[in-house]
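For reference, the structure is listed below as structure tokens.
Read the figures in this text as sums done on the coordinates, not as results from a lab. For clarity, every value in this text was computed on a predicted model and none was experimentally measured. A quick note on method: Cβ atoms are made from the backbone with ideal geometry, for glycine too, and the neighbour counts reach across all protein chains shown.
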Amino acid sequence: MELHEVQAHLNEWLQQAATAFQKVPGSAVLIRYVRSSYQNDPVRSAIELVLVIFFIRYLLAPSYSTSKQNYVKLTEEEIDELVEEWTPEPLVAAPTALEEAEMEKLPVIVGPTGPKSKLANGKTVTNLASYNFYNFNANEQIKEKAIQTLRTYGVGPCGPPQFYGTQDVHIKTEADIASYLGTEGCIVYAHAFSTISSVIPAFCKRGDIIVADRGVNFSIRRGLEISRSSIKWFNHNDLEDMERVMRNVVREQAGKKLTRRFIVTEALFETTGDMNNLPKLVELKEKYKFRIILDETWSFGVLGRTGRGLTEAQNVDPSQVDMIVGSLAGPLCAGGGFCAGFKDVVEHQRVTSTAYTFSAALPAMLAVTASESLNLLQSNPEILTQCRENIKLMRAQLDPRSDWVVCTSATQNPVMILVFKSEVVNARRLGVADQERLLQECVDEALANGVLITRLKGMSISHHTSLKDGAHTVQPALKVCVSSALSRKDVEKAGVTIRHAITKVMTRKTNNKLGLPAA
């Protein structure tokens, strides 16, 4: 082909390309821009062309080099050798010596859990390690109702609520709890632990602000972590420090977009047993425009004249608390948990709360048991009176008379938390592991003498970024649960046994680090 023919074909192809390009919308504007740019500043046009070419090449290029091999090629023998030498990390940490010893000595109860329980080794002990405060476990009226419900409804709903697992007994139990507390509505969950850890993220989202007590329990911390909210901590049960934190939050949010703000705390604290000041809490909530999520897991069925919880005990209108969360699995001898409050708060959880939506509904027998237990508390307030008398008797044997431990629980709390006195810890230079070992020896010694108690146990706190500032060291403690079913003589005898067990353990020569004489 001659040169002039090649030029002719090239011109023809360029003309066709130009015609096709001119049919593209906006092409005329681009052509005018290129012509004027080239006429006014040809160097600029050349630079723009180079940049366009570079941009196209950058988009089409792979994110890594395909021509260079920046790794060491291994033979099959070397690969096999490395695989044999590799040791995977364990899924869980190896149990400590204390945990192994505790698992070996774990007492197993045969038959019902009552004030007097029979162990697998045939020994009958006084059971002060159970939350069966009123012995509803053995109440004939409750048992008869539970058996009747079991025969009518079966052993389980086999489905989630709001779909095909909701039964009429669930609706009745929710209505009973709402009426009992004096709230507009109530929602019942199938699992007590998952209640508060699901309620919090149902309302608190990323960007919201939560002011929380450093001493809150593990289930609350799990809910805080799931919510991904901004957590602001205040010192344990220190409402002056809480007000300082709330004031700082309001100051930081001034002039910014409004965010939802919550206070999350407990009525009776699980790890220390002390009581919150609800009237002051409500006062600060109203002053700084926060909402309250109150965990009454350990106070519902315990505090107040008829066991309605902290609102009744401190004469606070339940409507002033936005969400009251509690458990049905403790003194009520049932199972599951609940959240009570305004109707819109309750209905919101039926769609957005994961523990409610993605769990099977509470078995009908447990729902009925909870309702019957509430009826008994309302009609027989003397049950609570008897329990509180036994608490006084037990405290009289332990707190003022023991040279080693002090009770941190509120006076009406049937769960007595006993920790070593600060002077004992300092004098013997006891670390956390030392205290746990000594307390476990106290548990074993009390069991050997016919009294079953336990240690305060909990899971490790999450190291999630939002929770790091809320680190809180829980002091090792003994947990003694008082029951109204025990006679005055039984309570005093058990108290003396526990006190003597603690003294015996602490005066052993092997446990006296400094060789100090017994106090």
* Percent antiparallel among DSSP beta bridges with both residues in the chain, to the nearest 5? -> 55 percent
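Take the Cα atoms of the stretch 348-452, build their convex hull, and give its volume per residue in Å³.
Details: hull volume 23.0 nm³, N = 105.
Normalising the Cα hull of the stretch 348-452 by residue number yields 219 Å³.
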* To do: Subtract the Cα-Cα distance of SER179 and VAL250 from 0.36 nm times their separation in residues, and report this length gain in nm to one decimal.
  => 22.0 nm
* Structure fact -> DSSP beta bridges in the stretch 239-332: the antiparallel percent, rounded to 5, is 10 percent
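Can you give me the convex hull volume of the Cα atoms of the stretch 57-175, divided per residue and expressed in Å³? Spell out each step's value before the answer.
Details: hull volume 46.9 nm³, N = 119.
For the stretch 57-175, the hull spanned by Cα atoms encloses 394 Å³ per residue.
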* Run the numbers on the chain and let me know its relative contact order in percent, using alpha-carbon pairs under 8 Å that are six or more apart. => 17 percent
* Asked: In whole Å, how far is the Cα centre of the stretch 129-165 from that of the stretch 183-223?
  -> 25 Å
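When the dipole is taken about the Cα centre of the chain, and only Lys, Arg (+1) and Asp, Glu (-1) are charged at their Cβ, what size is it in debye, to the nearest 20?
On the way: 58 positive and 57 negative charges, 333 e Å.
It works out to roughly 1600 debye.
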* Distance check, please: which entries in LYS285/LYS479; LYS421/LYS504; LYS205/LYS257; LYS457/LYS489 exceed 25 angstrom between their Cα atoms? => LYS285/LYS479; LYS457/LYS489
* the stretch 351-413: Rg to Rh, with Rh as the Kirkwood radius over Cα pairs -> 1.23
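How large is the helix-only mean residue ellipticity at 222 nm for the chain, computed as the sum of -39500 (n - 2.57) over DSSP H runs with n ≥ 4, divided by its residue count, in deg cm²/dmol to the nearest 500?
On the way: 19 runs with 240 residues, N = 519.
So the helix-based figure for the chain works out to -14500 deg cm²/dmol.
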* **Degrees, to the nearest 10: 140-153 long Cα axis against longest axis of the chain** => 40 degrees
* Calculate, axis by axis, the spread of Cα positions in the chain along the three principal axes, and write the results as whole Å, longest axis first. => 123, 61, 53
* Set LYS256/LYS289; LYS232/LYS289; LYS256/LYS280 screened for pairs whose C-alpha atoms are more than 18 Å apart -> LYS256/LYS280
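Mean projection of the alpha-carbon convex hull of the stretch 201-291 over all orientations, in nm²?
Numbers: hull surface 22.0 nm².
So the mean shadow area of the Cα hull is 5.5 nm².
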* Hits among lysines - C-alpha to C-alpha of LYS172 under 28 Å, sequence gap 8 or more where chains match -> LYS143, LYS145, LYS343
* Two-site label geometry, ARG206 and HIS236: point separation in nm, points 7 Å out along Cα→Cβ -> 3.3 nm
* Proximal aspartates and glutamates relative to LYS287, as straight alpha-carbon distance under 13 Å, when same-chain residues fewer than 8 apart are discounted -> GLU243
* To do: Principal axes first, then extents: for the Cα atoms of the stretch 297-346, list largest minus smallest coordinate on each axis, whole Å, largest first.
  => 28, 23, 13
* Would you please state the base-10 log of I(q)/I(0) at q = 0.18, 0.21, 0.24 1/Å for the stretch 396-464, with intensities from the Debye formula using one equal scatterer on every alpha carbon? => -0.84, -1.09, -1.29
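So, R0 is 56 Å and r is the distance between the beta-carbons of MET103 and TYR58; what FRET efficiency does that work out to, to 0.05?
Numbers: r = 61 Å, r/R0 = 1.10.
The computed FRET efficiency comes out at 0.35.
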* Longest span of the chain, sites excluded, free of chymotrypsin sites (Phe, Trp or Tyr not before Pro) in DSSP loop with at most 10 other C-beta atoms within 10 Å? -> 164-357
